[in-house]
Structure formats: structure tokens, C-alpha cells
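I have a structure here, written as C-alpha cells, and I will follow up with some questions on it.
The values are calculated or read from the model by the stated rules, or taken from the named source; none is laboratory data. Just so you know, these numbers come straight off a predicted model, no measurement behind them. Methodologically, a virtual Cβ is constructed for each residue, glycine included, from the backbone with ideal geometry; neighbour enumeration extends over all protein chains shown. Each accessible area value is taken on the protein alone, full model and side chains, heavy atoms only, with ligands, DNA and RNA left out. Shrake-Rupley method; radii C 1.70, N 1.55, O 1.52, S 1.80 Å.
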Amino acid sequence: MGLIFKLINAGVSRCPGVRASWRVPPSVGTPAAPYVRKAGRPTLPAVVRATREVPTPQEKALHAVAPHCTTTPAVPPQGGRTRRGSRAARARPAGADGAARGRLGPGWFAAVMGTGIVAVAAATLPRTLPGLREAATTVWAGAGLLLIVLAARYLGQRKLRVHAGDPLLAQFLGAPPMALLTVGAGTLLLGPRLIGERVALDADRVLWSAGTVLGLASACAVPYLMVTRHRFTPDAASGGWLLPVVPPIVSAATGALLVPGAPAGQPRLALLLGCYALLGLGLVAVLLVLAMVYSRLVHHEAPSGATVPTVWIGVGALDQVVTALGGLATAAPSALPAPYARGSAVAAVLGGLGIWGFAMLWLVLATALTVREIRRGLPFAPTWWSFIFPLGACVTGTSALATRTGSQPFVWCAVTLYALLVAAWAVVAWHSLRHAVGRRRRAGGPASHKGS
């Protein structure tokens, strides 16, 4: 019997790609803890837990479908049994690989977010330049057109259930709501010159309502799916986990623009208080996820490749809080009594300064990790759009502090950050166009060859 157990030990230790989480003891008389004794005889555990060291080709190809996604595989639950009423034992839902996922993932809406924030940030700058507003209006129109195209193609795929069941793609279901909210804010700030003030206000109300409902759905549904259906390895946490919970913060920041235009009385008060509730919901959730992301960065290897830009999402989440505090403080006097309106102004300055400082710390960390990866070679990937929206949020948050404090260092910091934002957006947009054209040529190559 002892010889049999030794042979089992030798076989398990030599299995490629498998880490044995148990080992047969050298002594047969005293079985180790992982064993279950039945009828006086030691039996092997029901399941040997294993983790894959190398991502599969399908997981590598997922970067071409959804920006920001990692290649961390799901891990089945211990004991080989699934929870009742769930599909947790499956790392991916049936048919979720290859063409079943569709050619367009929800993460592609990050391009709309990044383009829209360039226009919105220009409208909120404490300093302006000749022609800047006209250029920002053109960029906003382009973001709106891109939103329409992506929304039509994404809905035409009918792959929402597949994406929600995928542990990687589900994280990016927060991108479409934020794209709606960003374009809606640009409509109210820049659209009146083109479509009229009344039409711009009504369009923003529709986009804000749709984005808020979808954002709340992602903030509730995706964490539920992560708890009940998805499985992750200990080093799976990434900045992409922030995307489902950030939309309520963006709703609070953009909803503040709608407060003065809401009917006076209870409707206006309800909108303002609802925005504050959305801000609290998103802020606490973001802090929880940031703690998990920081723990992953400290206890495991540093992110590399296409996952590095996702670290920047934390910067955008924090600076959106600063933007929301400033916008709600501006709108509060039209709905709240004087003491509470003054309190919101104090919170916008003191609370905003504290969160802005934390955002700058995360910005330094994200920049250092990015420079480290650039030295090793950072190839282009759609995840590069993760640089743009967070940097734009830095501009809006810094501009809000500059407006409320009148501090010249904040003014010039906002202007400098906006210059970096425009440069980064131009680089990412150019590479994205080249990437899209290259994919279209590769997709059309075999077809044109067959036709000839």
C-alpha cells in the first residue's frame, strides 16, 4: 500500500501544467488532513484543484474583442460541486468562444467615452483658447456619431447574455452606460449652438436617464454574477473590475448639469438628492475594488502587456468623484436650504481636495507602471483607450477645484493636463484607426481571394 501511494505522488508531481494541492503522506497509518476517512480507509480527495499558468489562444484573442480584458481563467469551486441554480463550474458559458461572442465587445464603447471626455473637458476648462470650443463641438459630434454606430452594431449582435456570462467581458458592461452619459453631458454643454438649447436639454435628459438605468443595472448585476457564477484566481483583480461600479458616479457628475433645468420644487430636489445617493453608491464600491486591485498589485506580479492601461481606470473613478462634488455644490443652492447648500460647497472643496490628492497618488503609480512596461515594449491594443477617459476625468476634477478655489496652480494644472489629454487622444485614435483598417483588410483578404 505504501508503494502505491508513492507511485501516485510521483505521477501527480510530474503532470504538466498542474499544481497538486495535496500530497500522499509517506506513512499509511496516519493519513494527512486532505484525506477523508471512510470505513477506516483513507480515500483521495474528490478533485485536485489546478490553475493554468499559460492562457489559452482563445483568451489571448479576447483582447481583440473587448478592451481592458485580462486573460485570467475562472477556477471551478472546491469539491467539484456547483451551487444550486448556478453555472459556476463552467469557466465560460456554452458557445461563448469564437464567433459566439460576436465581433464587438462592450469594451469598445471606451472609444466613445474617451472621445466624449475630450469635448466635455474643453467646455469645463477654467481657461480657454480661440477656436477651442468649436473644435470641442466637432469632437462631441464625432463621439455622438460613433455612439450611434457602435450601439446599432452591438444591439444587432444580440450577445448581451453571452457577454454577461463571460467572467471577462461582463466587467465591461459598464462602458456603454458611461458612453451615453458622456455624450449626453457634451450635448448639454456644447450642443445648444448646433441643435438649440431646448433640444439639447431634452436629448441630455434622455441620454442621462438611459445611462443611469443601465449603469445601475451593471453596478448591481455584475457584482452579483461575480459572486454567484464567475470564478477567479487570487491574482485576477484588475482595473477593469471598476468599470461596472463607476457609472453611478458619472451619473452623479453629469446629473448635476440637469438640476438647474429641472422643475422647481420636489422634482429638482429629488434629482439633486438622487445624484448624491448615486455618488455615495459608486464611491464606496470604487474604494472596495481599489483595495482589491492594490492587494493584487502588491501580492502578485506587476501587470504587463495590455492589462497595464487598466490601472488608470482608478484615476478616472476618483477624479469623477471630485467632478461630481463640484457640480453638485454648484447646483445645490437652487434646491437645498442655505445651510445645506453651504455644506455642499465645503464638501466640494475639502472633500474634493482629499480625493484629488489620492487620485494623484494613483496617477503616479499608474504612470510608473506604464513607463516600466513601455521600456519593455508596450504593443498597441484597444486597452489603450483606458488612458483617455481617466486623464479627461483628471482635467474635469482639477477644473472643478480651480473654479471653486480660484487657485492659479489648479488652473494651470488643468490646462497642462488637457494638453496631455489631447495628445494622448490623438495617438490612441490614430492607432485605433490603423488597427481597425488592418482588421478589415485581414477579414476581407480571404473573401476577395475566393471571389477572384
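Work out, in µm²/s and without decimals, the Stokes-Einstein translational diffusion coefficient of segment 175-284 at 10 °C, 1.306 mPa s, Rh from Kirkwood over C-alpha pairs. Display every interim value, and only then the final one.
Working: Rh = 14.9 Å.
In µm²/s, the coefficient is 107.
Suppose the chain between Y340 and R153 were pulled fully straight at 0.36 nm per residue; how much longer would it get relative to their current alpha carbon spacing?
On the way: separation 187, 0.36 × 187 = 67.32 nm, distance 4.55 nm.
Here the segment from Y340 to R153 would lengthen by 62.8 nm.
Would you please put 318-326, 350-358 in order of how densely packed they are, using the mean number of other Cβ atoms within 10 angstrom per residue and starting with the highest?
Details: 318-326: 29.9, 350-358: 16.3.
Going from most to least packed, we get 318-326, 350-358.
Let me ask another. What figure in square angstrom, to the nearest 10, would you give for the accessible area of S407 with a 1.4 Å probe?
30 Å²
Give me the Debye-computed log₁₀ of I(q)/I(0) at q = 0.15, 0.18, 0.23 Å⁻¹ for segment 347-452, equal point scatterers on Cα only, no solvent, two decimals.
Summing over Cα pairs of segment 347-452 leads to -0.75, -0.94, -1.23.
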